[in-house]
Amino acid sequence: MNLVDSSGWLEYFADGKNAEFFAPAIEDVEHLVVSTINVYEVFKRILVQRDEHSALQAVAIMEQGHVIDLSSEIALSAAQISNEKKMPMADSMIYATAQMAKAMLWTQDADFEGLENVEFRRK
């Protein structure tokens, strides 16, 4: 299973220099899980930078994977991760979601660099 962080989704949608790094995980929708936090972050960024139609199109692509809603179990795990790793709330929720789904987390966000089960590519 794979979970792509918001930074990866945005890089992929913008066809940035790391888009090819994220493409295999994103395009393998059978093994793709998506955190609701990622849906929020990607929708908001594209809404601000472009428009609602573009943001909704991005979410439709994301929803081809299996969307995992934020649960109490994920929230509690995220709080522990945040406390231990001094990680921001959204990042800890994304990491907790990946762990619960037994997914590899794909990212270019330095907050995740060096963590277990993370494929990191420097921006």
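The values are calculated or read from the model by the stated rules, or taken from the named source; none is laboratory data. Just so it is clear, the structure is predicted and the values come from calculations on it, not from any experiment. All Cβ positions, glycine included, derive from the backbone under ideal geometry; neighbour counts span all protein chains shown. Surface accessibility is based on the protein's heavy atoms, side chains included, excluding ligands, DNA and RNA. Shrake-Rupley method; radii C 1.70, N 1.55, O 1.52, S 1.80 Å.
Just a yes or no: is a residue in segment 12-23 out of contact with any Asp or Glu (no Cβ under 9 Å at 6 or more places or on another chain) and farther than 24 Å from Lys123 by Cβ?
no
Could you grab me the full set of residues in segment 30-58 that are aliphatic (A, V, I, L, M) and more than 12 Å from the chain's Cα centre (by Cα)? Walk me through how you get there before you give the answer.
Of all residues in segment 30-58, those aliphatic (A, V, I, L, M) come to 32-34, 37, 39, 42, 46-48, 55-56, 58.
If the condition is that a residue be aliphatic (A, V, I, L, M) and more than 12 Å from the chain's Cα centre (by Cα), then Ile46, Leu47, Val48, Ala55, Leu56, Ala58 are the ones that fit.
Identify the residue in segment 63-90 that is touching a residue at least 24 places away in the same chain (Cβ under 8 Å) and either of a type in the set (Asp, Glu) or more than 17 Å from Leu3 (Cα to Cα) (or both) and, among all such residues, is least open to solvent (accessible area, probe 1.4 Å).
Checking each candidate, the answer is Met87.
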